[in-house]
Every structure is written in C-alpha cells, then in structure tokens.
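Trainee: Got a structure for you, written out below as structure tokens; questions coming shortly.
The values are calculated or read from the model by the stated rules, or taken from the named source; none is laboratory data. It should be emphasised that the depicted structure is a prediction, and the values quoted were computed from it without experimental measurement. Reconstructed Cβ throughout: ideal geometry from the backbone, glycine too, with neighbour counts over all protein chains shown. Only protein heavy atoms, including side chains, enter the accessible area calculation; ligands, DNA and RNA are left aside. Shrake-Rupley method; radii C 1.70, N 1.55, O 1.52, S 1.80 Å.
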Amino acid sequence: MSYQFSKYETHYRNLTYLGVPIIIGQLGNLILNFADTLMIGRHSTNELAAAAFVNNMFTLVIIFAIGFTYAITALVGTLYGQEKTHRIGELMKSAVSANTCMAIFLSVIMIILYLNVHRLGQPEELLSLIRPYFLIQLVSLPFVCWFNTFRQFTDGITDTRVAMWILIGGNVMNIFGNWVLIYGHFGMTELGLIGAGLSTMISRIIMAAVMVGIFFFGKKYREYKKGWSLGRIKYADFKEIIVLGIPLALQMGMETAAFSLSSLMVGWFGTESLAAHQVMLTISQLGYMIYYGLAAAVAVRISNFMGQRDYTAVRRTATAGIHLVFLLATLTCTPVFIFRHVIGGLFTDNATVISMVSMTIIPFMIYQFGDGMQCNYANAMRGTANVRPLIWIAFIAYFVVSLPLGYLFGVVMGYQLIGVWYGFPFGLTIAGILYYIYYQKGLRKIEASSKITVNQ
C-alpha cells in the first residue's frame, strides 16, 4: 500500500497544487450566478424571469465557446513540456485569431436569435426587458472568448493562480456593480435588470483586459511575448486549434444541452417539480465544478508529459486524478446525503418542493462517481489531443441513453422528476467508461507510433 501511494504521491501533490486555483475560480462563477439571481429577484420578479430566459440561452453558447478554447491547453501544455517558449508565443497568435472567429460566429447566431426573440413564445410583458438585456450580454460575449483564450494559455504553462485571482476580482467587482447599478446607490440611477447586465459586461471586459495585459506586460511572460512578436499566424496552427477545439466544444455543449432539455420534460410535471429541479441543478453544479477543476489540472499535467514523451507519467497522472476525483465525490455526497431532508429549505419554504429535493438527491449521489469519471477521462483525452471520439461518445451518452431513459422513467413510467433524474447516472457512467476505454486506446496508439519513430 505504501509503495502504491509513493508511486502517485508526486502526482497527487501536483494535481492538487494546479487544481485548487481552478476549482476556486469555478466556484467563484457559481457564487456569482447565485448572487446575480438573488439580487435581480429581489428587485423584480419579471426581471428575474427575463434574466433567466436570456441567461439560459447564453449559457449554452458560452459553454460551447469555453470548450473550444480548451484545445489551447493541450497544445500549449505539450510545447511547455518541450520547453519551446517562443513557439508557445507564436501559437497564441493563431489561438487568438481562431477564438476571435469563433466569437464572431457565435455572435452572428445570437443576433439572429435576437431578431426572432418575439417568436419564441415568451410573455409579451417580458420582451421589453429581454431585448436590452440580451444586447448587453451579446456585447460581452467576445470578451469571454478572449479571456478564456489567455486563461488556457496560463493553465497550459501550469500558472493556474493568475486566472483564479482575476476571476475572484471580477466576481467581487460584478457583485459590487450589481449593488450600485441595480438598486441605484452612490447617486446612480436605479437601473434594475439593465444595471445587472452592465455590471456583468464591465467586469468581463476588465477581466479580459487584465488577462491580456498580463500576457503582454508581465515580466514572467516576457519570453512568450517575444514569440508572439516574432511569430506569425500559421494555417497549420489555426487548423489544429479548430480540429481539437470543435470536438471539445460539442462535447461540453451536448452535456449542457442534455440537462437543459431535461428541464423541458420536468416542466410538464408542474411548477413544484420544476422548482425542485432548479434547486437540484444548482446543487449538481457544485459537484461538477469541483470535479472539472481538478480534471482540468489532469489535462494540463498530461499535456506537459506528452511533450516530454513520458507516457508512464501520463498514465499515473490520469490514475491519480481519478483517485482524487472519487475522494472529492465522497466528500461532496456525504453532507448532501446527511442534510438531504433540509437542504431544499435553503431555497424555498414549500414543503412539497423540499420533499422532492430530498428524494432526488439519491440519483444525484449515484451519478457523482460517473460524473467524476467522465470529467477525469475526458480531460485525459484532451491532454493527449485525442478528442474526436468525444463527440460520438457524448451524443450516445446524453442523447441516446440519458434523455430517453429520463423520458421512460419520468413520463412513461410515471416517476416524474425522480424518474428524469434516474436517467443521468446511466448516461454519465457510460460516458465515463467509454472515455476511459478510448483514452487507453488512444494512448496505446500514441506509444506504438512513438516507438516506430524512435526505431526509424
């Protein structure tokens, strides 16, 4: 046992060192969303409904955009492992160009959606609130893309604390801006929902500007800046970013869409079921963000070792990652299970909703280990740049397994909300198993190819 621990001890330590700042940044976003919802809801119920509608549409787009930037981690991490500092700086030119194109593409899609928002069946009285808030969110979309482009650069070179501090600062700024602009403090006009949108937009612009400024003016990034200055946008780099980024974006988009579409089914069961579902989604985000923060560190470490062609360290990193993720899953599930009968009371005083939440926590606990597994091995695949299988695996897991089973259990068999949630453990566990299989298969193929190259 002591030998097994010593074999992974360094990997546990390094993953924790890299992963904790990412986790803190992820939790900061969760707290920010919660604060936004709470502050808008206290100002006006109609504004809360309008914000929920717009935010749900932008969440899927932003998740897609963030997934696309994840290609940068694998590419930068591999070059970092090879100590090719100038080459990383040159790659970032293509990365910024590719993500700017993605921002334009997604903005065009959202503009088309904006022009047709009146056709989406929303209450007429909400349209005057939805339209200006939608446009403000649209303005900030490119800045989200640019921030995450440079965030993946800092993650790829194992400097995860930079993004953490910027995210914490941006969240504090946004919450303070909400207080000032929503309610009209310090002599400002009371702007309500518009104020919330402006606060979010300003904080996103400043976070992106700070991240870009650190890259170009930070002393420890001087060598990377030289690579940027001397390099040029290369078609091969641009293409590689797209080839890696699209599968990652689709994988994350399909997972997010599965949970969003489940909300449609739950809505058929009534307001109380939908309220309990929203509470459970908030709770589930906590676990997911913790797992994904650690799993992102797995992708960084594996990409570094891929650059060094140290495949033993790659395997040990992935194994150490799943050990830590399962430990986190246990630590997350234990208090949730103990307080399952009262946790719903944090969000509502409706006894029926609280009871539904307590029962739905059981399938939530079951799928935590599948969720952790799919996070870990999807990121292990990202670290090895073996991302194409992610698309069809995600499609099968979420659209062929999870959603149909949720419909079967919830609608056909009549278990309603709990039935829908019992579809998730099947889909997430299948995703985790398939990601593990194709991670192993892809790594064996890379190792075999490397041996052939060496022999030649």
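Trainee: Under 7 Å between Cβ atoms, at least 6 apart or on separate chains: pull out the pairs that start in segment 164-184 with a residue that is over 10 Å from Gly28 (Cβ atoms) and among the small types (Gly, Ala, Ser) and end on any residue that is open to solvent by 20 Å² or more (accessible area, probe 1.4 Å) and in a helix (DSSP H, G or I).
Mentor: Filtered contacts from segment 164-184: Gly177/Ile202.
Trainee: I've got another one for you. Would you check if there is a residue in segment 188-198 being under 24 Å from Gly245 (Cβ atoms) and not hydroxyl-bearing (Ser, Thr, Tyr)? Even if it seems obvious, please write down each step before you answer.
Mentor: Going residue by residue through segment 188-198, those that are under 24 Å from Gly245 (Cβ atoms) are none.
No, every residue in segment 188-198 fails to be under 24 Å from Gly245 (Cβ atoms) and not hydroxyl-bearing (Ser, Thr, Tyr).
Trainee: Oh, and also: Filter segment 312-353 down to residues that are without any contact (Cβ under 8 Å) to a residue 24 or more places away in the chain and touching a Ser or Thr at 6+ places or on another chain (Cβ under 7 Å) and give me whichever is surrounded by the most Cβ atoms within 10 Å (Cβ to Cβ).
Mentor: Arg340
Trainee: Can you pull out every residue in segment 111-168 that is within 30 Å of Ala295 (Cβ to Cβ) and outside any helix (DSSP H, G or I)?
Mentor: Result: Ile157, Thr158, Asp159, Thr160.
Trainee: Kindly indicate the residue of segment 185-213 that is over 18 Å from Pro142 (Cβ atoms), free of Cβ contacts under 8 Å to residues at least 60 places away in the same chain and open to solvent by 20 Å² or more (accessible area, probe 1.4 Å) and also farthest from the chain's Cα centre (by Cα) among those meeting that condition.
Mentor: Looking at residues that are over 18 Å from Pro142 (Cβ atoms), free of Cβ contacts under 8 Å to residues at least 60 places away in the same chain and open to solvent by 20 Å² or more (accessible area, probe 1.4 Å), I get Gly187.
Trainee: Right, another one. Can you tell me which of Tyr367, Tyr436 is open to solvent by 10 Å² or more (accessible area, probe 1.4 Å) and either within 25 Å of Ile246 (Cα to Cα) or in a helix (DSSP H, G or I) (or both)? Quick ask: steps written out before the conclusion?
Mentor: Details: Tyr367 fails: open to solvent by 10 Å² or more (accessible area, probe 1.4 Å).
It is Tyr436.
Trainee: Checking the conditions here, which among Val61, Val20 is among the hydrophobic types (A, V, I, L, M, F, W, C), at pLDDT 80 or above, open to solvent by 60 Å² or more (accessible area, probe 1.4 Å) and assigned to a helix (DSSP H, G or I)?
Mentor: Exactly one residue qualifies, and that residue is Val20.
Trainee: Right, here's the next one. Quick one: Ala95 ticks every box in (1) under 23 Å from the mean Cα position of the chain (by Cα); (2) surrounded by fewer than 23 Cβ atoms within 10 Å (Cβ to Cβ) bar one, so which box is it?
Mentor: (2)
Trainee: Out of Phe105, Phe143, Phe153, which single residue is farther than 25 Å from Gly192 by Cα, of a type in the set (Phe, Trp, Tyr) and in contact (Cβ under 8 Å) with a residue 24 or more places away in the chain?
Mentor: Numbers: Phe105 fails: in contact (Cβ under 8 Å) with a residue 24 or more places away in the chain; Phe143 fails: farther than 25 Å from Gly192 by Cα.
One residue alone meets the criteria, Phe153.
Trainee: Need the failing condition index for Ser260 against (1) closer than 15 Å to Trp421 by Cα; (2) crowded, with 19+ Cβ neighbours inside 10 Å, just the number.
Mentor: All conditions pass for Ser260, except number (2).
Trainee: Restricting attention to segment 108-139, which residues are polar (S, T, N, Q) and either surrounded by fewer than 20 Cβ atoms within 10 Å (Cβ to Cβ) or free of Cβ contacts under 8 Å to residues at least 12 places away in the same chain (or both)? Spell out how you get there, then give the answer.
Mentor: The initial filter retains those residues of segment 108-139 that are polar (S, T, N, Q), namely 116, 122, 128, 137.
Selection gives Asn116, Gln122, Ser128.
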